[in-house]
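Here the structure comes first, spelled out in structure tokens, and everything after it is commentary.
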Amino acid sequence: FVSVSCCPSKMACQGLQKGETLASLKKESESLKKKLEEERGKLNDVELHQVAEKVEAVAALSLKTRRVLKGHGNKVLCMDWCKDKRRLVSSSQDGKVIVWDAFTLNKEHGVTLPCTWVMACAYAPSGCAVACGGLDNKCSVVPLSLDRNENLAAKKKSVAMHTNYLSGCSFTNSDMQLLTSSGDGTCALWDVESGQLLQSFHGHTADVLSLDLAPSETGNTFVSGGSDMKANVWDMRSGQNIQSFESHESDINCVKYYPSGDAFASASDDATCRFYDLRADREVAVYQKDSIIFGASTVDFSLSGRLLFAGYNDYTINVWDVLKGTRVSILFGHENRISRVRVSPDGAALCSASWDSSLRIWA
Amino acid sequence: MSGKMCSGSNSIIQAQKLVDQLQIEAGMERFKISLTAADLVQYCQEHRRSDPLLTGISASSNPFKDKKTCVLL
């Protein structure tokens with residue numbers, strides 16, 4: 001590999017000791033920003049779609065709605081698959097969290113939270129619990145009981161406390177830790193058992209709207225996106241913001257890692273989805289069309305990373321060829337905004353959640 | 001924060017934090033897109049056969065697709 005790095009100025013360190021003024025610090029940050037842009041620019045020797053020129057085009061997809069999950073009384077805001085590839089959890093504006101068997105359409109569990117707008121929900125890796133939260137500024141963990149008659153709400157345990165709404169949550173690789181993102185501008189890592197805050201992540205200058213954990217092989221990092229139009233990559237142990245990307249022109253609603261962990265995609269109110277290469281430290285593709293004018297709210301990759309499913313506020317799901325940058329399919333069916341799309345753990349199906357109160361399974 | 005410090009020190013602390021953050025980012029090792037993109041393409045190609053949504057799988061192996069029904073004679 002040919003690598004390019006730049007040496008930071010020594011002046012900034014010495015300056016602090018001499019009582020650096022605001023003006024000279026601002027000058028320093030401006031020149032560092034310029035240097036970063038230059039360094040990133042030097043690596044821009046080719047476009048992703050050029051490298052992918054010789055790759056076979058994607059064959060026509062025949063994706064159809066195979067299931068419609070009806071049961072929520074209002075907008076479905078979030079969903080997550082269970083590792084068993086058949087169950088999923090969904091949460092709604094009406095305060096309800098439902099666990100479904102997507103094969104049979106059976107509703108296996110239901111919990112009603114005291115707050116409305118349950119914006120985030122996640123299935124625990126063990127399949128034995130779900131996490132959820134929203135306007136209550138909390139993230140709670142609900143153990144799933146085998147006894148259908150048991151009142152799940154009574155066993156609900158508050159784990160995370162933020163000072164504004166909960167926008168996203170994810171268990172780490174075990175049921176023991178929970179990562180959250182919030183309208184209060186921070187992300188945080190919590191111990192589920194004790195409710196203790198293990199690490200907090202500061203750096204966004206507005207609401208954080210989404211987070212995604214790096215695939216376990218790539219180590220302890222996660223990416224977040226927010227209303228400040230930035231996508232930040234964080235070291236989970238130190239709390240350090242290690243990389244930052246600012247190319248979107250509006251709120252970033254969703255971020256998702258590419259399956260290898262070397263890149264991630266984002267969906268934004270600016271009607272584009274973008275693809276960022278972490279080792280080149282820059283955006284390498286923009287998925288957009290003149291005809292797409294509504295914001296993108298959610299993205300997820302197919303198992304190989306070749307397809308990017310993106311849900312939009314115009315009620316459609318566009319399927320993009322990640323490498324060539326072209327759109328390969330549009331999925332119609334929902335009757336309101338798409339809030340979330342997620343590919344099943346075995347890659348056999350796509351689930352979409354919508355403000356039309358339903359979820360759909362596509363395969 | 002000591003009451004003796006002037007109100008300007010808060011913005012200085014913010015500015016210093018920004019400089020520190022940018023220095024961390026500036027110190028990162030980066031690689032050319034021609035190389036990193038080749039790896040992204042390679043990952044897709046290596047995993048394309050095990051991507052059901054990409055290649056399409058038969059109704060008999062996909063639990064969500066309806067199988068043809070049997071008729072008892």
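The values are calculated or read from the model by the stated rules, or taken from the named source; none is laboratory data. Since this is a predicted model, take the numbers as computed values, not measurements. Neighbour counts run over all protein chains shown; Cβ positions are idealised from the backbone, glycine included.
For the condition under 30 Å from A:Y165 (Cβ atoms), within 9 Å of chain B (Cβ to nearest Cβ), buried (at least 18 other Cβ atoms within 10 Å of the Cβ) and not acidic (D, E), A:A52 does not qualify. Scanning the range A:237-250 finds no residues that are crowded, with 18+ Cβ neighbours inside 10 Å and among the aliphatic types (A, V, I, L, M).
Close contacts from the range B:10-24, counting a first residue that is more than 15 Å from A:E30 (Cβ to Cβ) and a second that is part of a helix (DSSP H, G or I) and at pLDDT 85 or above, with Cβ to Cβ under 7 Å and a gap of 6+ residues or different chains, come to B:S11/A:L22; B:I12/A:L22; B:I12/A:L25. What number of residues within the range A:10-41 satisfy the criterion of being more than 8 Å from chain B (Cβ to nearest Cβ) and either modelled with pLDDT under 85 or under 29 Å from A:V284 (Cβ atoms) (or both)? The total comes to 14. Meeting the requirement of 3 or more residues that are over 24 Å from A:W117 (Cβ atoms), the strands (runs of 3 or more DSSP E) wholly within the range A:153-238 are A:231-235. Conditions: (1) free of Cβ contacts under 8 Å to residues at least 12 places away in the same chain; (2) under 24 Å from B:A38 (Cβ atoms). A:A263 meets all but one. Number of the miss? Going through the list (1) free of Cβ contacts under 8 Å to residues at least 12 places away in the same chain; (2) under 24 Å from B:A38 (Cβ atoms), A:A263 breaks only (1).
Contact annotation: residue pairs with Cβ atoms under 8 Å, 6 or more positions apart or on different chains, pairing a residue in the range A:89-103 that is within 14 Å of another protein chain (Cβ to nearest Cβ) and closer than 21 Å to A:F171 by Cα with a partner that is hydroxyl-bearing (S, T, Y) and buried (at least 22 other Cβ atoms within 10 Å of the Cβ), are A:W100/A:S90. Scanning the range A:254-309 for residues that are within 9 Å of chain B (Cβ to nearest Cβ), of a type outside the set (D, E) and in a strand (DSSP E or B) gives A:A263, A:F275, A:R282, A:V284, A:L307, A:F309. Consider A:T104 carefully, then state whether it is surrounded by fewer than 19 Cβ atoms within 10 Å (Cβ to Cβ), among the β-branched types (V, I, T) and out of contact with any strand residue (DSSP E or B) (no Cβ under 6 Å at 6 or more places or on another chain). Yes, satisfied.
The rows are residues; the columns are (1) at the interface with chain A (Cβ under 7 Å from one of its Cβ atoms); (2) in a helix (DSSP H, G or I); (3) closer than 27 Å to A:D45 by Cα; (4) of a type outside the set (A, V, I, L, M).
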{"residue": "B:L22", "(1), (2), (3), (4)": "yes, yes, yes, no"}
{"residue": "B:M28", "(1), (2), (3), (4)": "yes, no, yes, no"}
{"residue": "B:S34", "(1), (2), (3), (4)": "yes, yes, yes, yes"}
{"residue": "B:A38", "(1), (2), (3), (4)": "yes, yes, yes, no"}
{"residue": "B:Y43", "(1), (2), (3), (4)": "yes, yes, yes, yes"}
{"residue": "B:E46", "(1), (2), (3), (4)": "no, yes, yes, yes"}
{"residue": "B:R49", "(1), (2), (3), (4)": "no, yes, no, yes"}
{"residue": "B:A59", "(1), (2), (3), (4)": "no, no, no, no"}
{"residue": "B:P63", "(1), (2), (3), (4)": "yes, no, no, yes"}
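For the range A:58-73, state whether one or more residues are surrounded by 15 or more Cβ atoms within 10 Å (Cβ to Cβ) and of a type in the set (D, E, K, R). Taking every residue of the range A:58-73 in turn, at least one turns out to be surrounded by 15 or more Cβ atoms within 10 Å (Cβ to Cβ) and of a type in the set (D, E, K, R).
Summed over the range A:340-350, residues that are facing chain B (nearest Cβ under 10 Å) and assigned to a strand (DSSP E or B) total 2. Could you say whether any residue in the range A:98-105 is more than 24 Å from the chain's Cα centre (by Cα), closer than 26 Å to B:K65 by Cα and of a type in the set (F, W, Y)? Within the range A:98-105 (the criterion being more than 24 Å from the chain's Cα centre (by Cα), closer than 26 Å to B:K65 by Cα and of a type in the set (F, W, Y)), the answer is yes, since at least one residue qualifies. Can you find even one residue in the range A:328-335 that is under 27 Å from A:N232 (Cβ atoms) and either within 13 Å of chain B (Cβ to nearest Cβ) or modelled with pLDDT under 95 (or both)? Looking through the range A:328-335, none of the residues is under 27 Å from A:N232 (Cβ atoms) and either within 13 Å of chain B (Cβ to nearest Cβ) or modelled with pLDDT under 95 (or both).
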